[in-house]
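Step one of this worksheet: look at the structure below.
Just so it is clear, none of the values below were taken in a lab; they were calculated from the coordinates. Just so it is clear, the model here is predicted, and its values are computed rather than measured. All Cβ positions, glycine included, derive from the backbone under ideal geometry; neighbour counts span all protein chains shown.
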Amino acid sequence: MPYVVTEACIGVKDKSCMTVCPVDCIYEAEDMVFINPDECIDCGLCEPECPVTAIFVDTDVPPNFREYVEKNAVEGRRLAGEKK
Ligand code: SF4
Ligand code: SF4
């Protein structure tokens with residue numbers, strides 16, 4: 001059950017979550033950040049750090065933000081691949 005970044009991050013992107021992630025699986029894109037589900041260890045440390053409550057565990061993502069589960073998977077994996 002990886003964590004997922006949703007719409008509220010857009011335009012905020014203060015990276016507080018990136019600072020606390022122990023496995024560096026949160027990647028910066030142009031407008032927001034994405035979590036690579038293959039690397040997330042589900043520790044939950046990032047969730048309370050977000051000033052705009054953009055982060056949810058995938059099973060708790062609100063219905064109107066469900067598309068972000070797939071978006072984080074696609075973008076997170078792409079950005080992780082670019083880093084390697
Ligand atoms: S839950 Fe933990 S491992 Fe996953 S993105 Fe958040 S801080 Fe990183
Ligand atoms: S802490 Fe929240 S707003 Fe800041 S970069 Fe992470 S998800 Fe985006």
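The distance between label points at Glu82 and Thr53 comes to 3.1 nm (points 7 Å beyond Cα on the Cα→Cβ vector).
Between Asp14 and Glu67, take the C-beta separation as r, use R0 = 30 Å, and let me know the FRET efficiency to the nearest 0.05. Please report the intermediate quantities before stating the final value.
On the way: r = 23 Å, r/R0 = 0.76.
Once rounded, the FRET efficiency stands at 0.85.
A straight Cα-to-Cα reach below 16 Å connects Lys15 with the aspartates and glutamates Glu7, Asp24, Glu28, Glu30, Asp31, Glu47, Glu49, residues fewer than 8 places away in its own chain not being considered.
The Cys residues in the chain with no partner Cys Cβ within less than 4.7 Å of their Cβ are Cys9, Cys21, Cys25, Cys40, Cys43, Cys50. A simple count of charges around Pro37, restricted to other residues whose Cβ falls under 9 Å of its Cβ and scoring Lys, Arg +1 and Asp, Glu -1, yields -2. If the segment from Val74 to Met1 were pulled out straight at 0.36 nm per residue, it would be longer than the present Cα-Cα gap by 24.7 nm. Distance from the alpha carbon centroid of segment 1-17 to that of segment 37-84 works out to 7 angstrom. The loop-placed GluC sites (Glu not before Pro) in the chain, going by DSSP, that have at most 11 neighbouring Cβ atoms within 10 Å of their Cβ come out as Glu30.
Top mean-square fluctuation among Phe34, Phe56, Phe65, Gaussian network model of the chain, C-alpha springs under 10 Å? Residue with maximal mean-square fluctuation among Phe34, Phe56, Phe65: Phe65.
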